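K.L.:
First, the structure itself, so that you have it in front of you.
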Amino acid sequence: MQVGSTSRPRVLVIGGGFGGLAVARGLARAPVEVLLVDRSNHHLFQPLLYQVATAGLSPADIARPLREVLRRQKNATVLMAEVTAVDAEARLATLDGGQQVPFDYCVLAVGARHSYFGNDGWERHAPGLKTLGDALDVRSRTLRSFERAERAAASLRAGELEPGGAEDPADRTYRPHDAEPPTFVVVGAGPTGVEMAGALIEIAQRTMRRNFRRIAPQRTRVVLVEALDSVLSNYPEELRESARRQLEGLGVEVLLSTRVTAIDEDGVTVERVGAGADASGEAGSKDSERLVTRNVVWAAGNEVPPLVRETVHRVGGEVDRAGRARVESDLSLPGAPHLFVIGDAARLEDEEGELVPGVAPAAMQAGQSVADSIRADLAGRQRKPFRYWNRGTMATIGRARAVAWIGRLRFGGLLAWLAWSLIHIFFLIGYRNRVVVMLEWFVLYLTGQRAGRLLYDRSGVVGGSKA
Ligand SMILES: Cc1cc2nc3c(=O)[nH]c(=O)nc-3n(C[C@H](O)[C@H](O)[C@H](O)COP(=O)(O)OP(=O)(O)OC[C@H]3O[C@@H](n4cnc5c(N)ncnc54)[C@H](O)[C@@H]3O)c2cc1C
């Protein structure tokens, strides 16, 4: 079966993230048919995912149905499906379920997922943060860990709860450290890891503060582990230092030059980078540390979905180690001018030889550039090369703390946090989301209370033993 086509050239856009949506919108008035295919039904504002994971915002505040976003664009159709293959020569894409979609142009804007550097078994214990599902998983683990500690503390105190019987296996598994406030380990000190660590310590110290009777949530440990020798390694030196100081000022333990060597259901083993190996080839034990925890968040690496590698190899192109496609200056694949790869899935150096970063503004600008190229083709004009305009980079560290790097300006603290907040509100899609997020942040700032703290599952029963 084939998904039908009109007489106008069809532009197939795979992925409705920042890049794909910019292509679709950039073609709003072009004489083309835009078919946007995404496996989820919404556009997601990933920069605020950590706020869903830490109960500051709800999923609907940072996502919007793609159909709703493109409802006024008459030449655009949205299809919820996963693209499993792209045949550049036959100009056909295959969807899950086997349907085929003919196209004249195809744009791969499929983003990236987290990579565990070959240790895929770690994912079960250390979820990453890319989708709303990931964020809800982390949120659930986070909230449950406090509940579990409170229950364990009550259970271990003589007389408060009866010892567990066969019908209550959770009680029998409590060990003394279960009754302590939880420990969180965040792996990777890029912007996501830094933001996550800052938000977790804030939950413990402000949001949960007077909510528990048996544990003292403010004694929660948050450990940020980074293999490199600084946090935010892509930022200028003074901002890296400022970010580290701000994190430590909040109470986050920052372990630099430290890499993770094992993750299992009871914790994380870390080791100082460069630690000498002993005669058996094992790293010296004095440099190895075990962090006992059930709460690990992975923010350490990215890799591009295999669809990109397979498509690129079919046209004789190249991908880098993370699976990103090496693209021409107009973002097309070498030898396939009708096939583009943009956003996190592409690798391109700018005129100074600097890698275009995997950030939302770069993906949006790339999407606009591809739309311009397609319109130029249709008008018989020359395509222009893509130029990335870096408007600045920011990361927030917690309430009223952030770092910002805008051209020659480098600053931290409250001013950076205000700039970060305004820019994120501005770029959120939809008026409703902007208003709701502004209100939520206002309440959070004043009271420390978080909107998304409810735990529920389909049965309506939420057991502490599942933490
Ligand atoms: C937690 C987090 C925090 C971040 N913070 C910031 C920040 O503060 N500032 C910043 O600038 N950037 C930030 N980023 C990076 C930014 O979000 C990405 O650079 C940007 O989303 C890349 O856009 P994209 O269009 O390439 O991919 P995405 O936005 O990831 O979109 C890819 C889309 O493709 C769809 N898709 C994937 N495979 C298929 C398939 N086979 N078939 C159909 N659909 C498919 C996905 O469902 C998704 O909707 C952050 C990212 C994360 C994960």
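K.L.:
What does the charge add up to near V138, with Lys and Arg as +1, Asp and Glu as -1, over the other residues with Cβ less than 14 Å from its Cβ? Walk me through the intermediate numbers first.
P.N.:
Details: positive: R124, K130, R139, R141, R144, R294, R450, R453; negative: E123, D134, D137, E195.
Taking every other residue near V138 into account, the sum is +4.
K.L.:
Rounded to whole Å and ordered largest first, report the semi-axes of the equivalent ellipsoid of the stretch 16-162 derived from its Cα gyration tensor (root of 5λ). Don't skip to the end; give the middle numbers.
P.N.:
Working: eigenvalues 350, 68, 27 Å².
Semi-axes from the Cα gyration tensor: 42, 18, 12 Å.
K.L.:
Shifting gears a bit: If you keep only loop residues by DSSP, which trypsin sites (Lys or Arg not before Pro) in the stretch 49-95 have at most 12 other Cβ atoms within 10 Å of their Cβ? Write out the running numbers ahead of the final one.
P.N.:
Working: sites: R67, R71, R72, K74, R91; in loops: R71, R72, K74, R91.
Counting only loop positions with at most 12 other Cβ atoms within 10 Å, the trypsin sites (Lys or Arg not before Pro) in the stretch 49-95 are R71, R72, K74.
K.L.:
Related question: For the chain, which DSSP H helices look membrane-span-like by this rule: Cα extent along the axis of 15 Å or more and mean Kyte-Doolittle of at least 1.6?
P.N.:
Numbers: long enough: 132-156 (35 Å, -0.35); 191-202 (17 Å, 0.66); 237-250 (20 Å, -1.36); 360-378 (28 Å, 0.16); 414-427 (20 Å, 1.97); 431-447 (24 Å, 0.75).
Both cut-offs are met by 414-427.
K.L.:
Ok, one more. Summarise the accessible area of the stretch 39-124 (1.4 Å probe, protein heavy atoms) by the percent that is carbon and sulfur. All intermediate terms of the calculation are to be shown ahead of the outcome.
P.N.:
Values: 1770 of 3880 Å².
That fraction is 46 percent.
K.L.:
So how long is each side of the chain along the principal axes, counting just the alpha-carbon atoms, biggest first, in Å?
P.N.:
Here the Cα extents, ordered largest to smallest, are 81, 51, 48 Å.
K.L.:
Per-residue ellipticity at 222 nm for the chain, helices alone: DSSP H runs ≥ 4 residues times -39500 (n - 2.57), over residue total, nearest 500 deg cm²/dmol? Kindly include the intermediate steps, with their values, before the conclusion.
P.N.:
Numbers: 11 runs with 132 residues, N = 467.
Calculated mean residue ellipticity at 222 nm is -9000 deg cm²/dmol.
K.L.:
For the chain, what is the percent of antiparallel DSSP beta bridges, rounded to the nearest 5?
P.N.:
Working: 37 of 69 bridges.
Of the beta bridges lying entirely in the chain, close to 55 percent run antiparallel.
K.L.:
Another one. Excluding ligands, DNA and RNA, what is the solvent-accessible area per residue of the chain at a probe of 1.4 Å, expressed in Å²? Mind showing how you got there, number by number?
P.N.:
On the way: 22520 Å² over 467 residues.
It amounts to 48 Å² per residue over the chain.
K.L.:
Please report, in cubic angstrom per residue, the volume enclosed by the convex hull of the alpha-carbon atoms of the stretch 170-233. Show your work: numbers first, answer last.
P.N.:
Details: hull volume 6.7 nm³, N = 64.
Spelled out: Cα convex hull of the stretch 170-233, divided by residues, is 105 Å³.
K.L.:
What percent antiparallel are the DSSP beta bridges of the stretch 1-153, to the nearest 5?
P.N.:
Details: 10 of 25 bridges.
Beta bridges within the stretch 1-153, antiparallel portion: roughly 40 percent.
K.L.:
Only loop residues by DSSP count here, and only those with at most 12 other Cβ atoms within 10 Å; note down the trypsin sites (Lys or Arg not before Pro) in the stretch 363-401 that meet that.
P.N.:
On the way: sites: R375, R381, R383, R387, R391, R399, R401; in loops: R381, R383, R387, R391, R399.
Of the trypsin sites (Lys or Arg not before Pro), the ones in loops of the stretch 363-401 whose Cβ has at most 12 other Cβ atoms within 10 Å are R381, R387, R391.
K.L.:
Sort the following peptides by mean Cβ neighbour count (other Cβ atoms within 10 Å, averaged over residues), highest first: 139-149, 187-197, 43-53. Write down the numbers at each step before the final one.
P.N.:
Details: 139-149: 21.5, 187-197: 26.0, 43-53: 24.4.
In decreasing order of mean packing, 139-149, 187-197, 43-53 become 187-197, 43-53, 139-149.
The values are calculated or read from the model by the stated rules, or taken from the named source; none is laboratory data. The model shown is predicted, which means the values in this text are computed figures rather than measured ones. Cβ: placed from backbone, ideal geometry, glycine included. Neighbour counts: every protein chain shown. These area figures cover heavy atoms from the full protein model, side chains too; ligands, DNA and RNA do not enter into them. Shrake-Rupley method; radii C 1.70, N 1.55, O 1.52, S 1.80 Å.
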